Amino acid sequence: MPGEHRNTLRRLIVTQGDTEPASVEQQRLLGHSCPSLYDMRNLFQVNVEEGRHLWAMVYLLHSYFGRDGREEAEALLQRRSGDPDKPRMLGAFNEPCTDWLSFFMFTFFTDRDGKFQLLALAESGFDPLSRTTRFMLTEEAHHMFVARRACSASLDRTARVMAESKRDHPDDVRRLGVIDLPTMQRYINLWYSLSPRPLRRRDKLERRELLRRRSQRARKGRAVRGPSRPPRQLRDARAERRPHRARGRAPTQRDERGPARRVCRGLPAWPRQVEPRDSRERRPVSS
């Protein structure tokens, strides 16, 4: 593995591994208030799979990154979700998740974000990481299924009760034993704003690093890579060869196909056939 990419790859693995136990720590108390045995089974399955994902990331750190990897793996056990001194690396995994609606919204948005990150890691040139993340993707699909089913059932139950009772005020809906729509909207706004934050933060840092490197190359006199445009003379020559594509010029009558298209452009449906000048018959001049 090239040394210039080693630290970046290790950081990606550490970040992915840090999210797995963090979600288990957020959801550790939900078993006391589960809505049904089916939901409890799904919760335990999600937690077991997250623990397996942690083991896979720690295995990569121990097997391929030597002493630095072992130290990073040990640091994964020292951080805690929501701890003021040693919090988790990503902000979404430090938020409290004390009710089941938060669990479903967290799984719906954050695991969807994790799915796309795993898809990117599955295309990695580092074969052990690529093979490891492929089986993780199948389990992430189950996590999103749990969230999608629960959110759909909650919305369906609320809509059915509102239709039967002919009431839509939040206080009246809550008295009927279901979750009102404004509360659901607030949960959606909260977890949607928290979940994409790691990607926005990472993209911002990457753009800042790219600008820094470009400024360094410019100071050293190197060529700065960027979108290149052909010279003006070459662009003019291309426009002369393709006059129908040049800006500000009407399309030429060089094609008899598509009369409807020609009419839409304000041209006659069929171009007028013009004979060569030499073959025209001379008309007699009237006296």
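The values are calculated or read from the model by the stated rules, or taken from the named source; none is laboratory data. Bear in mind that the values here come from a model prediction, so they are computed numbers and not experimental data. Quick reminder, even Gly has a Cβ in these numbers, built from the backbone with ideal geometry, and neighbours come from all protein chains shown.
One table, with the values for the structure above:
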read-out: Cβ pairs under 8 Å, 6+ apart, first in region 71-85 and under 17 Å from residue 11 (Cβ atoms), second surrounded by 15 or more Cβ atoms within 10 Å (Cβ to Cβ) and of a type in the set (Lys, Arg); value: 72/10; 79/88
read-out: Residue identified as of a type in the set (D, E, K, R), under 18 Å from the mean Cα position of the chain (by Cα) and either closer than 30 Å to residue 62 by Cβ or buried (at least 18 other Cβ atoms within 10 Å of the Cβ) (or both) among 80, 148, 134; value: 134
read-out: Count - residues of region 91-100 that are assigned to a helix (DSSP H, G or I) and buried (at least 17 other Cβ atoms within 10 Å of the Cβ); value: 4
read-out: Those residues of region 28-77 which are under 20 Å from residue 98 (Cβ atoms) and touching a Gly at 6+ places or on another chain (Cβ under 9 Å), in sequence order; value: 40, 43, 44
read-out: Positions within region 151-182 being over 13 Å from residue 100 (Cα atoms), surrounded by 12 or more Cβ atoms within 10 Å (Cβ to Cβ) and of a type in the set (Ser, Thr, Tyr), in sequence order; value: 158, 165
read-out: Wholly enclosed helices (runs of 4 or more DSSP H) of region 1-90 bearing at least 3 residues closer than 15 Å to residue 136 by Cβ and of a type outside the set (Asp, Glu); value: 3-26, 37-64
read-out: Answer from 113, 156 - the residue that is modelled with pLDDT of 85 or more and assigned to a helix (DSSP H, G or I); value: 156
read-out: Unique match (being of a type in the set (A, V, I, L, M, F, W, C) and in contact with a Ser or Thr (Cβ under 6 Å, 6 or more places away or on another chain)) among 122, 150; value: 122
read-out: Subset of region 167-186 [under 33 Å from the mean Cα position of the chain (by Cα) and β-branched (Val, Ile, Thr)]; value: 178, 179, 183
read-out: Qualifying positions in region 29-40 - exposed (fewer than 12 other Cβ atoms within 10 Å of the Cβ) and free of Cβ contacts under 8 Å to residues at least 24 places away in the same chain; value: 32, 36, 37
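Residue by residue, here is whether (1) at pLDDT 85 or above; (2) closer than 23 Å to residue 50 by Cα holds:
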{"position": "135", "(1), (2)": "no, yes"}
{"position": "146", "(1), (2)": "yes, yes"}
{"position": "172", "(1), (2)": "yes, no"}
{"position": "175", "(1), (2)": "yes, no"}
{"position": "178", "(1), (2)": "yes, no"}
{"position": "181", "(1), (2)": "yes, no"}
